[in-house]
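In what follows, a single structure is set out as structure tokens and then discussed.
The values are calculated or read from the model by the stated rules, or taken from the named source; none is laboratory data. No experiment lies behind these values; they were computed from the predicted model shown. Cβ atoms come from the backbone with ideal geometry, glycine included; neighbour counts cover every protein chain shown.
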Amino acid sequence: MIYTVTFNPAIDYIIRLEKLTTGAINRVNYEQVLGGGKGVNVSIVLGNLGHKSTATGFLAGFTGDEIVRQLREFNAADDFVKLDEGFSRINVKIKADIGGETEINGQGPKISEAKREELFAKLEKLGENDTLILSGSIPKTLPDDMYEQTLSRIQGKGIRFVVDAEKGLLLKVLKFNPWLIKPNNHELGDMFGVKLKTDEEIVEHAKKLQDKGARNVLISMAGDGAIFVPEGGEKFFKSEAPKGTLVNSVGAGDSMVAGFVAGYIESNGDYEKAFRMGLCTGSASAFSENLATREEVEALLKTLA
């Protein structure tokens, strides 16, 4: 079974307008409300691809209820810890023809130690051949080592760990030997204080993360495609991104993770097929107002050389 953890889920309120003018009334010409948070996105895309998953983490209030409603609509199960106060955050994503993109992210509800233990109890039920996907930020009301605490409670049980998080969070969990990590090329360079300019440099530094404990490293490079460095060998995979028009970058990285996991399962462990499906799933989300569908992914797979 696949499980996703989102410590700080959100409702993404996405709006478009011609120009954003501060200090004035602005009228939008497009709006959309989507359940968000990186793990939530992964579960939704997995559902679109035909793979059942269970989304967990912390939810509160009316926004939490809407996140659950949307997850169920996309064939994902939910087993969140419900908080007694506050509401899950609302992120406002403003896309202006003049002025570019602006984001205002909410802070999220308070999470007590008792509620943290409730989540750990859920995760401790996972076992061999389960996949656990940890992704996204940690709210201010959780300790900085929440990722480490989580993995330390369930290590040694044969669970495949997937981690998609920012520099500090990611580096601290390599000691738990995650099955897959997914930095982008800029994040990878930042981890080592360098700017990576060539494929060879990217692969070299991905292998440094493997030396620190990561098993497989998937590096997204936006419009330049992706590189995958698998465990146990010198070979790596590189592919240009499928051709298409960028519509919405939100959730593209999460979609790549979902596509990789789905492709790995469907191909009985073929890393190259998993990589190609991950790349096409991420691109399908980037080319759409919504997260990738199976039909969109299959269409892009046919275009890869």
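Screening Lys167 against (1) surrounded by 18 or more Cβ atoms within 10 Å (Cβ to Cβ); (2) under 23 Å from Lys207 (Cα atoms) leaves a single unmet condition, (1). The residues in the range 50-70 that are outside any helix (DSSP H, G or I) and of a type in the set (S, T, N, Q) can be counted, and the count is 3.
Please work out if Thr198 is among the polar types (S, T, N, Q), more than 26 Å from Phe7 (Cβ to Cβ) and over 20 Å from the mean Cα position of the chain (by Cα). Answer is yes for this residue. Does Gly57 meet the test of being modelled with pLDDT under 95, surrounded by 19 or more Cβ atoms within 10 Å (Cβ to Cβ) and within 17 Å of Ser137 (Cα to Cα)? So Gly57 fails the test.
Considering the conditions (1) under 18 Å from the mean Cα position of the chain (by Cα); (2) of a type in the set (Gly, Ala, Ser); (3) surrounded by fewer than 19 Cβ atoms within 10 Å (Cβ to Cβ); (4) under 22 Å from Leu170 (Cα atoms), Ala252 is excluded by exactly one of them, (3).
Checking each residue in the range 159-187 for being in a helix (DSSP H, G or I), farther than 13 Å from Val217 by Cβ and not β-branched (Val, Ile, Thr) picks out Lys167, Gly168, Leu169, Lys172, Lys175, Phe176, His186.
Per the conditions (1) part of a loop (DSSP other than H, G, I, E, B); (2) touching a strand residue (DSSP E or B) at 6+ places or on another chain (Cβ under 6 Å); (3) buried (at least 16 other Cβ atoms within 10 Å of the Cβ); (4) free of Cβ contacts under 8 Å to residues at least 40 places away in the same chain, the sole criterion not satisfied by Ala206 is (1). Asn91: under 25 Å from Cys280 (Cα atoms) and in contact (Cβ under 8 Å) with a residue 24 or more places away in the chain, yes or no? No. Filtered by the rule that a residue be at pLDDT 95 or above, surrounded by fewer than 18 Cβ atoms within 10 Å (Cβ to Cβ) and either part of a loop (DSSP other than H, G, I, E, B) or among the polar types (S, T, N, Q) (or both), the range 71-85 gives a lone residue, Asp79.
Among the residues that make up the range 229-239, is at least one of them within 30 Å of Leu142 (Cα to Cα) and hydroxyl-bearing (Ser, Thr, Tyr)? Within the range 229-239, none of the residues are within 30 Å of Leu142 (Cα to Cα) and hydroxyl-bearing (Ser, Thr, Tyr).
Within the range 258-305, restricting attention to residues that are charged (D, E, K, R) and assigned to a loop (DSSP other than H, G, I, E, B), the residue that is farthest from the chain's Cα centre (by Cα) is Lys302.
Scan the range 33-45 and tell me whether some residue there is touching a residue at least 60 places away in the same chain (Cβ under 8 Å) and assigned to a strand (DSSP E or B). Taking every residue of the range 33-45 in turn, at least one turns out to be touching a residue at least 60 places away in the same chain (Cβ under 8 Å) and assigned to a strand (DSSP E or B). Identify, please: which residue in the range 118-141 is in contact (Cβ under 8 Å) with a residue 40 or more places away in the chain and not in a loop (DSSP other than H, G, I, E, B) and is, among those, surrounded by the fewest Cβ atoms within 10 Å (Cβ to Cβ)? Among those residues, the one meeting the criterion is Lys122.
Scanning the range 223-237 turns up at least one residue that is of a type in the set (Gly, Ala, Ser), over 19 Å from Ile44 (Cβ atoms), crowded, with 23+ Cβ neighbours inside 10 Å and touching a residue at least 40 places away in the same chain (Cβ under 8 Å). Confirm whether Gly213 is surrounded by fewer than 16 Cβ atoms within 10 Å (Cβ to Cβ), in contact (Cβ under 8 Å) with a residue 12 or more places away in the chain and within 18 Å of Asn184 (Cβ to Cβ). No, not satisfied. Among residues of the range 251-273 that are more than 24 Å from Thr6 (Cβ to Cβ), those with a Cβ under 8 angstrom from a residue that is polar (S, T, N, Q), sequence gap 6+ or separate chain, pair up as Tyr271/Asn216; Lys273/Ser267.
Of all residues in the range 180-216, those being more than 26 Å from Ile159 (Cα to Cα), in contact with a Leu (Cβ under 8 Å, 6 or more places away or on another chain) and of a type in the set (Gly, Ala, Ser) number 1. Does Glu240 fit the bill of being surrounded by fewer than 15 Cβ atoms within 10 Å (Cβ to Cβ), among the acidic types (Asp, Glu), out of contact with any helix residue (DSSP H, G or I) (no Cβ under 6 Å at 6 or more places or on another chain) and farther than 30 Å from Gln32 by Cβ? No: the conditions fail for Glu240.
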